[in-house]
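Quick note: the coordinates plus some simple rules give every number you see, no bench work behind them. These figures come from a predicted structure and were not determined experimentally. For neighbour counting, all protein chains shown are included, and Cβ atoms are generated from backbone atoms with ideal geometry for every residue, glycine included.
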Amino acid sequence: MAQRGRDFHWENTSLGAPTEWPPALRTIVATVLEAPFAMTLWCGPDLNLVYNDAYRAVLGAKHPDALGRPGREVWAEIWAGIAPLFDTIRNGGPSTFAEDAHFVMERGDGGIRDAWFTFSLSPVRDEDGSITAFLNVVAETTQRQGAEQLLQQSEKARVDAEASEASYRFLANAIPVHVWTATPDGALDYVSDITAASLGRTPAEVVGQGWLEVLHPDDVKATIDRWTRSLRTGEPYEVEFRLWIPDQKAYRWYLGRAKAQRDESGKIIRWFGSNTDIEESKRTQQELQRLTSEALEANRAKSDFLAAMSHDLRTPLNAIGGYAQLIEMGVRGPVTEEQKADLARIQRSKNHLDRLVSDVLSFAKIGAGRIELRIDSISVKNLVGSVVDMIRPQLIQKQLTLAPVSVSLDLKITADLDKTQQILLNLLANALKFTPPGGTILIATSCDDTTVSIAVGDTGIGVPEDQLDRIFEPFAQAKRALVAGDAGVGLGLAISRQLARAMDGELKVRSEVGSGSVFTLTLPRARAKV
């Protein structure tokens, strides 16, 4: 007996000569070797491997040394996970079927890889009922192409003149998915026994047009239309539909697929198809859609509330500021120096609240997807110069030094000017707030072929490492301050990062307590005009 494509001397293995094997084992070995699907037999007490050509792909670099060797040696890295399966069946347990089982496998280069397999494991019994081997039908689903592989293997099986009709039917019933074939005009002419049984019918009741009786009424038109199009064009057939499963007294979702087998002239001679149960993935998908919809609705409601609240707050704030100015101007009568000081405090508090309301309104607009961007090519040198001019009075007031800034004249970014200025001013405001007198503020730029980075650093108090991820969250503030009450609402950095990402950029931070922080804004680099 020879393995397809190469001779092998079975007498040189612990399996012994084929003439010494039990009759049932000899019969099924012949079927396995000719099968186009990945199949192997685990023979005898040591579970020695006998496999076909298709199983070589599963073995990879282990072939051809694996033929005839004990399974525990060939699959040493996963043996602890699969050995109990054999023991369960030996002890009277049922055959095993596993879908998308996960294993850590060895690669040919000695490394490891994650792999997923769908497989069935069934006992092969001799005439006296004793187990002489285990039949393993396996398909790797690592790339989620299990159904595609089954279709390709089924098509190959149909054109393999060496395989018998009985072998094909045996394989079809061993595969844990619905398997069917159809004539060139689309009439179903074969379904596996396991397919018909799951539908509560005999194969004869399903072939022809019988399968329409188990199809959900709402799916009939779409399924027939899709099948008709494939028959007309010859393109692969793929559609989702529901089938009535009597055992569960319910319809279940299936993914139906089929490919055409053609002769040498390109004429379709048969269709090979499969139906894969996708009920669980459908339920998960529907639940995810429901949760996503609820989350979006909740986010819109929150954003609408913040926007409305921000607008409503502006009216009394403007009134406070206006009346304070009237009193300060003496319209209501003479004002003492003490009253002027109080009025100045009122104006500062009003301006502070104004900034907080503006932040809340900006955050609400971004959250509601109502942010408007005017993307243009912007000179980085002019941009940095403009924000430096805006903060220069605060630098003098807080007795801070700005390190020399050097920016290439021709360096440009693609962004919204106002939004980019807002981000940089937020970063510089933080640097001013958390850097003690005598400290230094720095602005530096760098670039590569596609991006430009603008870094804003300081020699301030820094941010604790365990709080770095939190400072970009809405309404979150790191526990740091130079002056009590010198904190905002906690939206500046959250808004800045969202604006950066809206412009296809990013905002990151690195910091060390006591040494300062560096915030880096990265934006797309403008392409030079040819």
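Per-residue 3J(HN,Hα) values for the stretch 192-201, derived from phi via the Karplus relation 6.51 cos²θ - 1.76 cosθ + 1.60 with θ = phi - 60°, read 5, 4, 5, 5, 4, 4, 5, 8, x, 9 Hz in sequence order (x marks Gly and Pro).
For the stretch 335-347, 3J(HN,Hα) computed residue by residue from phi via the Karplus equation (6.51, -1.76, 1.60; θ = phi - 60°) reads 10, 7, 4, 5, 5, 4, 5, 5, 5, 5, 5, 4, 5 Hz, glycine and proline entered as x. Label-to-label distance, Ala502 versus Ile112, with points set 7 angstrom from Cα along the beta-carbon direction: 4.6 nm.
The mean sequence distance of close C-alpha pairs (under 8 Å, at least 6 residues apart), as a share of the length of the stretch 10-142, puts its relative contact order at 24 percent. Kindly state, to the nearest 0.05, the FRET efficiency for Thr284 paired with Arg345, given R0 = 56 Å and r defined as their beta-carbon distance. In this case the efficiency is close to 0.45.
Measuring between their Cα centroids, the stretch 442-457 and the stretch 104-145 lie 54 Å from each other. With θ taken as phi - 60° and the Karplus curve 6.51 cos²θ - 1.76 cosθ + 1.60 applied, the whole-hertz 3J(HN,Hα) list for the stretch 380-392 is 5, 4, 5, 4, 5, x, 5, 6, 5, 4, 5, 9, 4 Hz, x standing for glycine and proline. For the stretch 10-142, report the % of Cα-Cα distances exceeding 24 Å. Summing the P(r) tail past 24 Å for the stretch 10-142 gives 25 percent.
In terms of distances greater than 30 angstrom between alpha carbons, the cross-link table entries Lys221/Lys249; Lys381/Lys433; Lys350/Lys412; Lys221/Lys259 yield Lys350/Lys412.
For the stretch 375-524, the Stokes-Einstein estimate of translational diffusion at 25 °C and a viscosity of 0.890 mPa s comes to 158 µm²/s, using the Kirkwood hydrodynamic radius over alpha-carbon pairs.
Between Ala204 and Ala187, what length in nm is gained on full extension when 0.36 nm per residue of separation is reduced by their alpha carbon distance? It would help to have the intermediate numbers written out before the result.
Numbers: separation 17, 0.36 × 17 = 6.12 nm, distance 1.28 nm.
Computed gain between Ala204 and Ala187 is 4.8 nm.
Report the calculated FRET efficiency for Asp263 and Ala301 (r = Cβ-Cβ distance, R0 = 56 Å), to the nearest 0.05. Efficiency computed from Cβ-Cβ geometry: 0.35. Restricting the stretch 206-274 to trypsin sites (Lys or Arg not before Pro) that sit in a DSSP loop and have at most 14 other Cβ atoms within 10 Å of their own Cβ leaves Lys249, Lys267.
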